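Asker: Below is one structure. I have some questions about it.
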């Protein structure tokens, strides 16, 4: 059994190592194309790395730079936003985003987020849903250990039931919070408009009433759950708080 | 009635010509002669047309017809027509004199040149060759089998090169006895593998006579289209459909037909294959031009500011595949920024030839000061007549860029993009991000505390009951205590003591298990209780062992082996009762 486990483990490790080596090789080839000013070829090669399931900050940063070269600023902003999620490229990506944002002909007004949304977003970006869950699990485990210990050897502390109940309740709430943050993360995705302009409509139909026009580089929030009700359309929230539908081809989800 | 003398119209025409033309130069005048047939059967008639045209026709002598070998002139059949037109804003007139002949003896002959005096100057026509054929050489069977009317697709060449203009003519052939009153080409003809441009077609098709397989047909070109092959290899022109209204002059009219014998025929050409050759390689810039062209290149500014747009215009004018010509790619200095080029074109369709002009404008911007040179360029186009490339040298273009002093202060506020790509090693990580609910380890961690808590609770409850419930505690310990007594039985060397321990263990087990008082229990009572709680066989076995324990003193032949056997039976019985209770 132990040998079998070792074999499975080593096989899994070798697959992971192989995938990373392939990704690095493809990355080097794509960089060569970029240096040769073959921008379309380079972007295609970078996308192929993404397709095999391997990502990195430098990958998205280079994709953003390539997109600028092919004069697709919306796409460039999209990739720089992705590069910002990696610590290795965060500061460079911020600098690039500042440049790209200055190049758009139209700038979107941005409403500040509500405190609750901002807190959830900070939790999502910071510790993440998995991190919150692990924290909750540790708290639950400590509570359970204390409860069990108290069953067999009572602990001499004042207001013991209150403390144990409060600790257990907080632990459960932390786990519930982890699932909520994960739900928000799965349902609401940040996105960027990548075409010159695209109509935002009240319904997912070409002839529906117009809500607004979204221009290249606008940041949007996509409700993926509601969007499942209409093939080929996203239900979005614009930076100014307006809601509407846009065609999928006009935007990219982070 | 055929007019043979000078008509009043002719005199008026002369006056008209004199008044409006004045003293026009003699070189405006042209004289030509043509025969309606060049292959004529003996006995057939043939017509000679002599045409005199020009803008200064003051006096014309009617052409005198000499004796022509092989033909007999029908002197009474001469006629004349006049046609007026404006050429370059000036009136022009054309006189046509028609003469009819009958073919005589078979052979090859030449119609001699005619001499005509116009404005006192002698003009001559070119001699015309013709053949007189023997009708007996016609294969009557073949003539009868040949169709009365058919249509053909006739390309001007079947072996063009890629991009060469080919004129595809839709030609109608019909016998003399067939009268075509109208025709209607079917729309939607597609020439796959070709670029197609319609030519200017005549409103009414003109017919000529021709012999095919010894049969005389009238030949009419219905329409013509210019096609340009876009790829090499064997390309096929699909069938073309034409609907014609015909009437057979020889057929007896149906007295009940009010359509005057007209018949609607749907004709279709056979597909025609063309063997298209690829163009040879060339070192010069080639952008797909095939034909005859004049090519030039120019720049709109010789001095410009940094950041100002400059236009490099390439003009291509001539005859050929204008629509298929693509923008020539030039080698620009790297420090120039290139913007989307502009393109414009116009097409002409004169004289069965597609032509026109095409203009490409490259828009460039200098980002730095200095003198820029766009190098000389060899531009090639393929000349199908000469079957080779013609090379045009486009001279080098030069311009100078200088900084606009008005923009000095604004540049410092511009954003600059200084981010460089990362080309070294990168830290790779998996891209997937499943929801928490789909992760197995999440569920494992969720279950673990609950499971632990459950087990601890069960243990705690058991311990509490053992401490507080004596009956439960006796029942839980009954088996262990009974086996402890049996262990003494195993260890003892005396048979009587051994059976005593067996009896004691059974009594203790049943009383503990059923929470009965130890004092006052008898074999019968215990057996009754066990019979009630379990079954008869178990009670019977219990009673047998207990009876043996009580009567062992009267059993002198009992051995150690029998004791061991009974100990084992007692152990099994205890287990069985433990399971049943």
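The values are calculated or read from the model by the stated rules, or taken from the named source; none is laboratory data. As the structure is a prediction and not an experimental result, all values here were calculated from the model. Cβ placement follows ideal geometry from the backbone for every residue including glycine, while neighbour counts extend to all protein chains displayed.
Asker: Quick check on this structure: which one of B:577, B:567, B:530, B:526 is within 20 Å of residue B:491 (Cα to Cα) and either buried (at least 16 other Cβ atoms within 10 Å of the Cβ) or touching a residue at least 40 places away in the same chain (Cβ under 8 Å) (or both)?
Answerer: B:567
Asker: Considering (1) at the interface with another protein chain (Cβ under 9 Å from one of its Cβ atoms); (2) under 27 Å from residue A:125 (Cα atoms); (3) in contact (Cβ under 8 Å) with a residue 24 or more places away in the chain, say which one residue A:87 fails and leave the rest.
Answerer: Unmet for residue A:87, out of (1) at the interface with another protein chain (Cβ under 9 Å from one of its Cβ atoms); (2) under 27 Å from residue A:125 (Cα atoms); (3) in contact (Cβ under 8 Å) with a residue 24 or more places away in the chain: (1).
Asker: State the number of residues belonging to region A:149-185 that are within 10 Å of chain B (Cβ to nearest Cβ), under 30 Å from residue A:236 (Cα atoms) and touching a helix residue (DSSP H, G or I) at 6+ places or on another chain (Cβ under 7 Å).
Answerer: Residues in region A:149-185 being within 10 Å of chain B (Cβ to nearest Cβ), under 30 Å from residue A:236 (Cα atoms) and touching a helix residue (DSSP H, G or I) at 6+ places or on another chain (Cβ under 7 Å): 6 in total.
Asker: Out of the residues in region B:55-78 that are assigned to a strand (DSSP E or B) and at pLDDT 85 or above, which is surrounded by the most Cβ atoms within 10 Å (Cβ to Cβ)?
Answerer: Selected residue: B:71.
Asker: In region B:501-518, what residues are surrounded by 15 or more Cβ atoms within 10 Å (Cβ to Cβ) and either farther than 11 Å from residue B:567 by Cα or without any contact (Cβ under 8 Å) to a residue 24 or more places away in the chain (or both)?
Answerer: Residues satisfying the conditions are B:501, B:504, B:507, B:508, B:509, B:510, B:511, B:512, B:513, B:514, B:516.
Asker: Could you tell me whether residue A:180 is at pLDDT 90 or above and either surrounded by 19 or more Cβ atoms within 10 Å (Cβ to Cβ) or outside any helix (DSSP H, G or I) (or both)?
Answerer: no
Asker: Name the residues in region B:343-358 that are modelled with pLDDT of 85 or more and exposed (fewer than 15 other Cβ atoms within 10 Å of the Cβ), would you?
Answerer: Selection gives B:343, B:344, B:345, B:346, B:347, B:348.
Asker: Mind listing whichever residues of region B:198-223 are buried (at least 17 other Cβ atoms within 10 Å of the Cβ) and in contact with a helix residue (DSSP H, G or I) (Cβ under 9 Å, 6 or more places away or on another chain)?
Answerer: Correct list: B:199, B:215.
Asker: Filter region A:54-72 down to the residues that are more than 11 Å from chain B (Cβ to nearest Cβ) and crowded, with 16+ Cβ neighbours inside 10 Å and list them by number.
Answerer: If the condition is that a residue be more than 11 Å from chain B (Cβ to nearest Cβ) and crowded, with 16+ Cβ neighbours inside 10 Å, then A:67, A:72 are the ones that fit.
Asker: Sticking with this structure for a sec: Looking at B:191, B:226, which is the one that is without any contact (Cβ under 8 Å) to a residue 60 or more places away in the chain and crowded, with 17+ Cβ neighbours inside 10 Å?
Answerer: Result: B:191 is the single residue among B:191, B:226 that is without any contact (Cβ under 8 Å) to a residue 60 or more places away in the chain and crowded, with 17+ Cβ neighbours inside 10 Å.
Asker: Do you know which of the residues in region B:371-387 that are assigned to a strand (DSSP E or B) and over 16 Å from residue B:330 (Cα atoms) is modelled with the lowest pLDDT?
Answerer: The extreme case among them is B:371.
Asker: Then there's this: Please indicate, with yes or no, whether at least one residue in region B:317-326 is without any contact (Cβ under 8 Å) to a residue 24 or more places away in the chain and surrounded by fewer than 16 Cβ atoms within 10 Å (Cβ to Cβ).
Answerer: No, that holds for no residue.
Asker: Here's something else I'd like to know. Specify which of the listed residues (B:540, B:536) is modelled with pLDDT of 90 or more and surrounded by fewer than 19 Cβ atoms within 10 Å (Cβ to Cβ).
Answerer: Just one listed residue meets the conditions, B:540.
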